[in-house]
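Asks: The structure that follows is given in the form of structure tokens.
The values are calculated or read from the model by the stated rules, or taken from the named source; none is laboratory data. Only a predicted model underlies this, so the values are computations on that prediction, with no experimental measurement involved. Don't worry about glycine lacking a Cβ; one is built from the backbone with ideal geometry, like all the others, and counts go over all protein chains shown.
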Amino acid sequence: MKTIKSILCVLFLTLSFVARSQDLAPIVQNVNKAKDVSEFIQVRSKLERFVALQPQQWLPGYYLAYVDVQLSFRVAAKEEKLQYLSEAETYLNKLTELKETDKSENYTLKGFRLYALIASDPQANGPKYSGEIINDYETALGINPNNPRALVLLAIYKNDMAKFMHQTYGNFQKDLEKASAILADENGTSLVPTWGKGWVDFALNKK
Amino acid sequence: MQQKMKEIALLFLLLIAGVISGFAQLRTVEGKVLNEQSKPIANANVFIKGTVDGATSDSLGHFSFTTDEKGEITLCSRMLGYAAFTVQVPGNNSSALVLIMRPDNITLDNVVISAGNFRLKGDSQFGKMSAVDIVTTAGSNGDLYHSLGTLPGVQLVGESGKLFIRGGDSDESQTYIDEMHVLSPYTTSGENDPVRGRYSPFMFEGINFSTGAGSSEYAQGLSGVLSLNTKDVSPISKTGVNVSSVGMGGGGTQAFEKGSVSVNLDYEDLGAYHKLIPDRLNWIKPYKLFSGSGQVRFNPNQRTVFKTFIGYDRTTFVQQITSLDNPTTRDFGMKDDNFYLNSTYQKTTESGYKIFAGAAFSFKNQHIDNAVLPEDTYREKEWEVHLKTKATKRFTDFLRINAGLENFFRHDETAYTYSSTVHPDSISHSISALFATAIININPNLYAELSDRMEYTSINHEWNSNPRLAMNYTLNGIHFSGVIGKYTQLPENKYLMLNKDLPAEECTQYVGGMYYEKKDKIYRIETYYKKYNDLALQEPTALNSNGYGYSKGVDVFFNDRSLFKNFEYMLAYSFNLSKRKYQDYTELSTPQYATTHNATASIKYNIPALKSILGLTNRFASGRPYHDPTKEGIMNSTTGFYNSVDMSVTYLASKKIIIYASASNLLGRQNVYNYNYTADTASPEGYRRTPLLDSSTHFFYIGIFITLSGKTAYDVSNF
């Protein structure tokens with residue numbers, strides 16, 4: 001009887017909580033589905049509320065930084081791009097102080113942010129951040145060699161640089177296939193970053 | 001059993017009631033978000049504190065959402081570029097709310113355009129210069145000071161290499177690294193051979209260059225301040241080596257989770273270069289420079305940074321000199337040791353105070369044989385200790401305060417020996433200062449900066465107050481700024497050694513300007529008037545402080561990166577009229593270094609097909625005044641104009657190898673900086689005239705930079 005009571009109490013509390021609050025999982029799904037600025041802004045607002053509510057959780061801050069980077073690609077004004085990228089940097093720096101943060105994912109996102117910074121002004125920022133971006137992706141892969149996001153972004157960057165140097169990056173296809181296979185195995189849970197498939201598709205089309 | 005069933009049923013009821021209550025009694029919160037001008041703010045994030053209940057405002061600023069929160073709620077509104085806004089909303093009022101948002105502190109703090117100041121920080125929307133920009137500027141030869149020479153307000157003094165700003169002498173400009181003073185920022189060079197900066201531009205991520213009316217925080221700079229900031233964090237472990245036409249070097253950084261250690265060593269020897277491309281100087285022993293530097297950075301957390309920088313260099317050469325007055329040649333032999341240590345601590349507290357503390361030690365030891373006459377020697381030992389602490393805090397959106405105190409302890413001793421007779425001299429003194437600045441944001445488009453620097457100089461027991469007022473107004477994206485400030489600086493040591501009672505030299509500056517930036521174009525114009533008083537003056541009877549003078553002019557700057565892809569060009573023009581009665585100018589006259597017109601046109605073209613960045617710079621300056629003893633008056637003649645076309649190429653041989661090459665004065669013009677006269681009875685005019693030329697017509701440089709470590713590329717910085 002005591003066990004039944006305990007189970008019911010836990011069920012009561014859980015259901016009450018679920019009913020009263022929103023889950024991060026659908027928001028993360030919306031991040032992965034978002035295409036245009038207004039969709040990203042909507043999902044950004046929700047993530048920002050989660051960060052305010054749970055500042056010690058790394059995933060909301062991580063995804064907020066990711067959305068900021070995505071928005072920097074999509075807004076037209078350079079000043080606004082830099083504002084989003086500056087905020088992304090602030091969140092990424094905060095994540096480094098949280099014990100739960102997946103360091104490999106954090107380094108990948110740092111590199112991705114630099115990629116966006118270069119995209120905002122290739123002429124000025126390309127020479128400035130080239131070294132750091134490679135370092136971030138390779139550090140991410142040093143921590144987790146099977147990080148598909150680091151794999152695909154590093155492959156894209158190396159391929160772009162090889163083209164610039166009138167060379168070819170021989171492992172491009174292999175890296176993309178490896179990243180694609182790992183992404184396919186990811187179970188879509190909201191507890192870890194799951195983005196990246198779009199970049200594999202982008203790279204395959206770009207190739 | 002029946003009792004137990006009742007308990008279970010009750011629990012079920014509670015469960016259902018609890019869940020239902022979660023969906024019931026929803027309350028609507030709605031209103032609009034406006035800025036201070038009552039214009040709607042779209043995309044603001046409005047939510048109830050402590051919940052995820054909220055909405056994003058639409059293009060009309062409207063928001064609306066439902067919540068089951070009862071009673072009084074705390075409503076928050078957030079928007080990038082605006083200060084977070086919170087308001088208490090009572091339980092009976094959740095509709096027609098109006099939230100007024102103001103620009104946030106960070107946005108306010110980012111207003112960096114003020115008259116006289118160039119902020120050259122890489123990521124700043126206003127900043128356009130980084131280490132890469134510096135080395136790819138043709139004519140800079142990879143040197144920070146040469147590169148700054150292409151900016152408006154900097155006057156071309158080719159034989160010196162130092163910064164001469166807006167009619168001011170070179171010692172009126174000071175260099176700071178991480179807010180700490182650098183006593184001797186330039187290398188030592190031979191006679192009429194331009195100096196270079198001691199420190200590689202790759203060490204710095206922020207370059208703030210004030211060409212006038214700069215912050216009261218910086219001491220002893222009547223004309224300008226160059227404030228350099230090293231990297232707070234160096235996350236990449238890397239090593240690299242380089243070989244060039246003048247030497248070789250190498251170094252690296254080891255990054256740790258919470259810090260890094262960087263080391264760099266360089267060796268220059270111009271012997272081989274001068275054998276291949278002789279210059280006008282007669283080198284008995286070639287110019288050699290060994291330099292080593294290191295930095296330790298420690299970031300225990302995101303809010304705290306410890307940095308220690310250490311640098312040492314030794315310069316040696318022997319140069320044969322034939323003086324006009326003395327036909328006997330002498331071997332001018334230089335040995336120069338320079339040491340610099342700088343340690344800083346920065347912390348941002350939870351309560352928003354930014355605290356800074358630093359200590360720096362500069363030491364210079366110079367030994368010159370045959371300095372002025374054959375068989376003489378000159379020795380100089382000079383050191384400085386600089387201690388500084390300050391705190392910055394934004395108290396409200398309206399007010400930010402920056403205040404601190406600092407001390408300089410200085411010692412300089414010289415000994416001139418000739419015919420076994422030693423003529424020693426020395427001074428030891430200190431400068432103590434208290435500075436405070438209030439930055440007042442009157443409204444988002446108007447801010448004022450009111451500051452004062454109270455300084456006590458022990459050598460002459462003098463107090464000085466240096467008040468400064470800066471105003472900045474933005475209208476339709478155009479920044480208008482104006483500054484009035486008073487600046488003081490002790491006379492040069494050579495004068496203080498002769499007269500320790502000389503008061504501080506004084507300069508009052510009035511600067512006004514406009515700045516506009518749009519679509520990769522920057523327009524800037526500034527006008528200034530500088531009034532000098534109490535300048536050291538060597539009159540026939542005494543050394544006193546009766547000197548005075550003025551400098552006035554206009555600086556114009558235009559930069560365009562939008563003409564076509566991968567192409568950038570920059571135009572800078574400075575007009576200056578400057579006259580002084582000071583030092584050995586016993587009449588009010590234009591100093592020998594000053595030129596009326598300075599202009600620079602510079603282009604950079606990134607050519608992906610060639611994996612190269614091409615730089616081309618044309619520098620022009622009108623003639624320099626000089627004194628011709630065959631004419632009446634002083635500084636009565638003018639040299640021909642200066643012109644130099646310089647080129648540089650940066651070639652990415654591979655991601656690990658960068659080749660940089662530069663050539664100066666492609667057209668081979670003989671630029672004359674001055675004429676020296678000596679009595680010559682054989683000459684019909686009674687004088688013999690010798691032009692002061694560049695030590696060499698051209699300077700060629702080629703360097704190969706190789707990255708050795710695996711995790712980085714396209715990076716020549718070892719720091």
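Asks: Under the condition of being assigned to a strand (DSSP E or B) and closer than 30 Å to B:Y677 by Cα, which residue from segment B:303-324 is modelled with the lowest pLDDT?
Replies: B:I321
Asks: If I filter segment B:532-549 for residues that are surrounded by 22 or more Cβ atoms within 10 Å (Cβ to Cβ), within 26 Å of the chain's Cα centre (by Cα) and under 25 Å from B:T474 (Cα atoms), do I get at least one hit?
Replies: no
Asks: Separate question: Looking at segment B:623-678, which of its residues are charged (D, E, K, R) and within 20 Å of B:H597 (Cα to Cα)?
Replies: Residues satisfying the conditions are B:R624, B:D646, B:R669.
Asks: Can you name the condition, by its number, that B:L450 falls short on among (1) farther than 24 Å from B:T396 by Cβ; (2) in contact with a Pro (Cβ under 9 Å, 6 or more places away or on another chain); (3) not aromatic (F, W, Y)?
Replies: Failed condition: (1).
Asks: Of all the strands (runs of 3 or more DSSP E) wholly in segment B:216-302, which have at least 3 residues that are in the same structural domain as B:N402 (by TED's automatic domain parsing) and polar (S, T, N, Q)?
Replies: Once the strands (runs of 3 or more DSSP E) in segment B:216-302 are filtered for at least 3 residues that are in the same structural domain as B:N402 (by TED's automatic domain parsing) and polar (S, T, N, Q), what remains is B:224-230, B:238-244, B:259-269, B:282-301.
Asks: Identify, please: which residue in segment A:158-171 is closer than 15 Å to A:I134 by Cα and in a helix (DSSP H, G or I) and is, among those, farthest from the chain's Cα centre (by Cα)?
Replies: That would be A:A162.
Asks: Working only within segment A:112-141, note down all residues that are touching a residue at least 24 places away in the same chain (Cβ under 8 Å), of a type in the set (G, A, S) and either surrounded by 22 or more Cβ atoms within 10 Å (Cβ to Cβ) or within 9 Å of chain B (Cβ to nearest Cβ) (or both).
Replies: Correct list: A:S130, A:A140.
Asks: From the list B:V195, B:V132, B:V182, which one is among the aliphatic types (A, V, I, L, M), within 22 Å of B:N671 (Cβ to Cβ) and either out of contact with any His (no Cβ under 9 Å at 6 or more places or on another chain) or touching a residue at least 24 places away in the same chain (Cβ under 8 Å) (or both)?
Replies: Criteria check complete, one pass: B:V195.
Asks: Assess whether B:G247 counts as being farther than 20 Å from B:T175 by Cβ and in contact with an Asp or Glu (Cβ under 7 Å, 6 or more places away or on another chain).
Replies: Criteria met by B:G247.
Asks: Can you tell me which of B:L99, B:L75 is part of a strand (DSSP E or B), surrounded by 19 or more Cβ atoms within 10 Å (Cβ to Cβ), more than 14 Å from chain A (Cβ to nearest Cβ) and at pLDDT 90 or above?
Replies: B:L99
Condition check ((1) within 14 Å of chain B (Cβ to nearest Cβ); (2) surrounded by fewer than 17 Cβ atoms within 10 Å (Cβ to Cβ); (3) more than 22 Å from A:Y63 (Cα to Cα)) across all residues:
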{"residue": "A:P145", "(1), (2), (3)": "no, yes, no"}
{"residue": "A:R149", "(1), (2), (3)": "no, no, no"}
{"residue": "A:L153", "(1), (2), (3)": "no, no, no"}
{"residue": "A:K158", "(1), (2), (3)": "yes, no, yes"}
{"residue": "A:T168", "(1), (2), (3)": "yes, yes, yes"}
{"residue": "A:E177", "(1), (2), (3)": "no, yes, yes"}
{"residue": "A:A184", "(1), (2), (3)": "no, yes, no"}
{"residue": "A:W195", "(1), (2), (3)": "no, no, no"}
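Asks: Among the residues of segment B:607-631, which ones are in contact (Cβ under 8 Å) with a residue 24 or more places away in the chain, out of contact with any Ser or Thr (no Cβ under 8 Å at 6 or more places or on another chain) and either within 14 Å of chain A (Cβ to nearest Cβ) or within 27 Å of B:Y532 (Cβ to Cβ) (or both)?
Replies: Once the filter is applied, which keeps residues that are in contact (Cβ under 8 Å) with a residue 24 or more places away in the chain, out of contact with any Ser or Thr (no Cβ under 8 Å at 6 or more places or on another chain) and either within 14 Å of chain A (Cβ to nearest Cβ) or within 27 Å of B:Y532 (Cβ to Cβ) (or both), segment B:607-631 yields B:I607, B:P608, B:L610, B:K611, B:P629.
Asks: Does B:F164 satisfy the condition of being at pLDDT below 90 and hydrophobic (A, V, I, L, M, F, W, C)?
Replies: Working: at pLDDT below 90: no; hydrophobic (A, V, I, L, M, F, W, C): yes.
No, not satisfied.
Asks: Hey, can you tell me all the residues within segment B:50-72 that are outside any strand (DSSP E or B) and farther than 22 Å from B:P103 by Cβ?
Replies: B:G50, B:T51, B:V52, B:D53, B:D68, B:E69, B:K70, B:G71, B:E72
Asks: Hey, can you tell me all the residues within segment B:431-457 that are among the aromatic types (F, W, Y) and more than 18 Å from B:Y176 (Cα to Cα)?
Replies: B:Y447, B:Y456
Asks: Let me ask something else about it. I'm trying to understand the selection: among the residues of segment B:477-506, which are touching a Lys or Arg at 6+ places or on another chain (Cβ under 9 Å), under 16 Å from B:Q583 (Cβ atoms) and assigned to a strand (DSSP E or B)?
Replies: Matches in segment B:477-506: B:E506 only.
Asks: Condition test on B:V233, is it surrounded by fewer than 22 Cβ atoms within 10 Å (Cβ to Cβ), aliphatic (A, V, I, L, M) and within 14 Å of chain A (Cβ to nearest Cβ)?
Replies: Details: surrounded by fewer than 22 Cβ atoms within 10 Å (Cβ to Cβ): yes; aliphatic (A, V, I, L, M): yes; within 14 Å of chain A (Cβ to nearest Cβ): yes.
The answer is yes for B:V233.
Asks: Taking the criterion of being surrounded by fewer than 17 Cβ atoms within 10 Å (Cβ to Cβ), touching a Lys or Arg at 6+ places or on another chain (Cβ under 7 Å) and over 26 Å from B:Y176 (Cα atoms), would at least one residue in segment B:411-430 satisfy it?
Replies: So far as segment B:411-430 goes, yes, one or more of its residues are surrounded by fewer than 17 Cβ atoms within 10 Å (Cβ to Cβ), touching a Lys or Arg at 6+ places or on another chain (Cβ under 7 Å) and over 26 Å from B:Y176 (Cα atoms).
Asks: Then there's this: Specify the residue that is nearest to the other protein chains (Cβ to nearest Cβ); the eligible residues are those in segment B:632-660 that are over 25 Å from B:T617 (Cα atoms) and assigned to a loop (DSSP other than H, G, I, E, B).
Replies: Per the stated criteria, the residue is B:K655.
Asks: Looking for something among the aromatic types (F, W, Y) and either assigned to a strand (DSSP E or B) or more than 30 Å from A:P127 (Cβ to Cβ) (or both) - is there at least one such residue anywhere in segment B:665-673?
Replies: yes
Asks: Could you list all residues from segment B:427-476 that are assigned to a loop (DSSP other than H, G, I, E, B) and modelled with pLDDT of 95 or more?
Replies: B:S458, B:I459, B:N460, B:H461, B:N466, B:P467
Asks: May I pose another question? How many of the residues making up segment A:49-87 are under 21 Å from A:T108 (Cα atoms) and part of a helix (DSSP H, G or I)?
Replies: 25
Asks: Scan segment A:31-48 residue by residue and report those that are in a helix (DSSP H, G or I), without any contact (Cβ under 8 Å) to a residue 40 or more places away in the chain and more than 13 Å from chain B (Cβ to nearest Cβ).
Replies: Residue satisfying the conditions is A:K33 alone.
Asks: Name, by its number, the condition in (1) under 25 Å from B:F332 (Cα atoms); (2) out of contact with any Gly (no Cβ under 9 Å at 6 or more places or on another chain) that does not hold for B:A219.
Replies: With respect to (1) under 25 Å from B:F332 (Cα atoms); (2) out of contact with any Gly (no Cβ under 9 Å at 6 or more places or on another chain), B:A219 is out only on (1).
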